[in-house]
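Colleague: Following this message is one structure expressed as structure tokens.
The values are calculated or read from the model by the stated rules, or taken from the named source; none is laboratory data. Remember, predicted model here, so these are calculated numbers, not experimental data. Heads up, the Cβs are rebuilt from the backbone with ideal geometry, glycines too, and the neighbour counts pull from every protein chain shown. In case anyone asks, the SASA skips ligands and DNA or RNA and just uses the protein heavy atoms, side chains included. Shrake-Rupley method; radii C 1.70, N 1.55, O 1.52, S 1.80 Å.
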Amino acid sequence: MPGGAQVQAGSQAKEWSGGREAAHRIPDREGAQGYRREGRSDKVALMGPFDPRTIANRMLDYAEQQGLHLTVMHLLKLVYLAHGWWLTFSNGSPLTTAKPEAWRYGPVYRDVYNAFIRYGRGPVIGRAVDGATGYEYREDMSEEVEHLLEHIVSSYGKHYAFTLSKSTNKPAGPWSVTVEKRGYYAPIEHDMIRKHFDGLRQKPAAA
């Protein structure tokens, strides 16, 4: 990815962590019904972690608002990038309940891949749906999370998916190291991802 995109995302990321404490409910898409996980306080639940399909659905909402058309490859990379930036600005709290896996062509969230692979290489026009309930994957999110997702989409979503892959698959990065040490399809650990994005935060132009 061109350095400018990383610089832009890194500088905007400072805004995402800029002391927002108020949390508010973002309505579901028209016609969709969400669900809230049980057993967690509202404050904790609003900050995550979230099902990666919930993150993907919300990113598709923002892409639609911005006039962007995302492919499955776009979504996989954008969810990973959002998770990485969130790790570094939340002191290691994961954004997603599942860990990305080191597939042959980059980090992949298996559930996101399975939910949208029917679109092939074309733009994703639907949303991930829970097969048991028929409802879209939706969860309440804090203002901080909403701003993060919106800015990730606006900063990275306009780039070609192949360009995003070159960015997430760099030598010595989390994906590359995981493949070397544990092989393909192994989970990429949160600590490794956080360390990588901590570096991007300090020197975004060099990423």
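Colleague: Would you mind checking which residues have amide H under 5 Å from residue 50's amide H? H placed 1.01 Å from N; only 5 or more apart, or other chain.
Modeller: Result for residue 50 returns 96, 97.
Colleague: Also, I was wondering about something else. Given a 1.4 angstrom probe, I'd like the percentage of the accessible area of segment 59-170 that is carbon and sulfur, rounded to a whole number.
Modeller: The C+S portion of the solvent-accessible surface of segment 59-170 is 53 percent.
Colleague: For residue 135, which sequence-distant residues (separation of 5 or more, or a different chain) have an amide H within less than 5 Å of its own amide H, given hydrogens modelled in the peptide plane?
Modeller: 130
Colleague: Using a 10 Å cut-off on Cβ atoms, rank the peptides 54-64, 105-115 from the highest mean neighbour count down. Walk me through the intermediate numbers first.
Modeller: Values: 54-64: 24.2, 105-115: 20.2.
Packing order, densest peptide first, comes out as 54-64, 105-115.
Colleague: Using modelled amide H (1.01 Å from N, peptide plane; none on Pro or chain starts), what sits under 5 Å from the amide H of residue 101, excluding residues fewer than 5 places away?
Modeller: 108, 109, 110, 188
Colleague: Quick one: what are the phi-derived ³J(HN,Hα) couplings along segment 115-122, Karplus 6.51/-1.76/1.60 with θ = phi - 60°, whole Hz, x for glycine and proline?
Modeller: 6, 10, 4, 4, 7, x, 8, x
Colleague: At 1.4 Å probe size, with every protein chain present, just tell me what the per residue accessible area of segment 60-132 comes to in Å². Mind showing how you got there, number by number?
Modeller: On the way: 3130 Å² over 73 residues.
On a per-residue basis, segment 60-132 sits at 43 Å².
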